[in-house]
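One structure below.
The values are calculated or read from the model by the stated rules, or taken from the named source; none is laboratory data. Everything quoted here is computed from the prediction, not taken from an experiment. Cβ: placed from backbone, ideal geometry, glycine included. Neighbour counts: every protein chain shown.
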Amino acid sequence: MSLDIIVFPCLSDNYGFLLHCTETGQTACVDTPDAAEISKQVEARGWGLDYILNTHHHPDHTGGNKALKRKYGAQVIGPKAEQDRIPQLDTALSEGETFTLGNCLAQIWDTPAHTAGHISYYFQDDSAIFVGDTLFALGCGRLFEGTPAQMWAAMARYKALPHETQVYCAHEYTLSNARFAETIETDNSALHDYIKTAKAKRADNLPTVPTTIGAEISANPFMRTDQNGVASAVDMVGAPPSDILGEVRRRKDNF
């Protein structure tokens, strides 16, 4: 693997990510929550910034585009379905297209639901996927512009990835999500173990990101709406997983 990934906190609960091809020296950031902090992280390593990879249009993901593009000459990559909403966009990508950072190849996945045109960046050879605000540790994004069916389609697609795949989600929401998840699957031992580990990390001021696909399959209620335990918890046994996800999301919104 030739992709070096740096995780650092930004704003109140966002994460910033730097991606660095160790073979060519090219560097990208995923989203731009805080231009000053991203610049600090780039310069601390003596790197430049060649690309900005936006997952969706929300300001806490695109707010630093202009400043970072001006400072580093970075090319801005973003979702084609939101191309009119991404500041300073240079290249719009969508499902089936790819992006190359040096020798590291990312597949572009359309993963709408949180926003209408949200995309994910999957670096298969490096076992890493950048999911923006679609998937969270023990959670999923709010359905601001999409539907439960779209969110379930994204969850099902993520679930098909190798269990060891590293999942880079954009916020530190894990302990909040955990409190809700415990109300859905009270007897899930994998969930209890997950929460214990997450609490220990946060107590040491460590990130709970990245998580893994395997960990989310075992404990994340939004990835488990095809399981009888989750369906039973919301009195929807026999209903489609997408409908169950919609109900779980509704309950989370009101939690």
Whether any residue in segment 56-71 is of a type outside the set (Asp, Glu), touching a helix residue (DSSP H, G or I) at 6+ places or on another chain (Cβ under 8 Å), farther than 26 Å from residue 152 by Cβ and assigned to a strand (DSSP E or B) is what I want to check.
no
Can you name every one of the helices (runs of 4 or more DSSP H) wholly within segment 207-255 that holds 2 or more residues which are in contact with a helix residue (DSSP H, G or I) (Cβ under 9 Å, 6 or more places away or on another chain), under 30 Å from residue 9 (Cβ atoms) and at pLDDT 95 or above?
213-219, 241-253
Taking segment 136-152, which residues are surrounded by 18 or more Cβ atoms within 10 Å (Cβ to Cβ) and either over 17 Å from the mean Cα position of the chain (by Cα) or not in a loop (DSSP other than H, G, I, E, B) (or both)?
136, 139, 140, 148, 150, 151, 152
Return yes when residue 201 is touching a Ser or Thr at 6+ places or on another chain (Cβ under 6 Å), part of a helix (DSSP H, G or I), at pLDDT 95 or above and of a type outside the set (A, V, I, L, M, F, W, C) and no when it is not.
yes
Restricting segment 84-118 to residues that are of a type in the set (S, T, N, Q) and without any contact (Cβ under 8 Å) to a residue 12 or more places away in the chain, the residue that is nearest to residue 146 (Cα to Cα):
98
Taking the options 171, 192, name whichever one is surrounded by fewer than 17 Cβ atoms within 10 Å (Cβ to Cβ) and modelled with pLDDT of 95 or more.
192
Return the only residue of 61, 20, 56 being in contact with a Lys or Arg (Cβ under 8 Å, 6 or more places away or on another chain) and on the phi < 0 side of the Ramachandran plot.
20
Of everything in segment 23-60 that's without any contact (Cβ under 8 Å) to a residue 60 or more places away in the chain and surrounded by fewer than 16 Cβ atoms within 10 Å (Cβ to Cβ), which residue is farthest from residue 170 (Cα to Cα)?
46
Those residues of segment 1-13 that are touching a residue at least 60 places away in the same chain (Cβ under 8 Å) and touching a helix residue (DSSP H, G or I) at 6+ places or on another chain (Cβ under 6 Å) come to a total of 2
Given the conditions (1) closer than 30 Å to residue 183 by Cβ; (2) aromatic (Phe, Trp, Tyr); (3) crowded, with 24+ Cβ neighbours inside 10 Å, which single one is not true for residue 121?
(1)
Yes or no: segment 227-245 includes at least one residue that is of a type in the set (Ser, Thr, Tyr), surrounded by 17 or more Cβ atoms within 10 Å (Cβ to Cβ) and over 19 Å from the mean Cα position of the chain (by Cα).
yes
Any chance segment 200-217 includes a residue that's among the basic types (Lys, Arg), surrounded by fewer than 21 Cβ atoms within 10 Å (Cβ to Cβ) and farther than 13 Å from residue 252 by Cβ?
yes
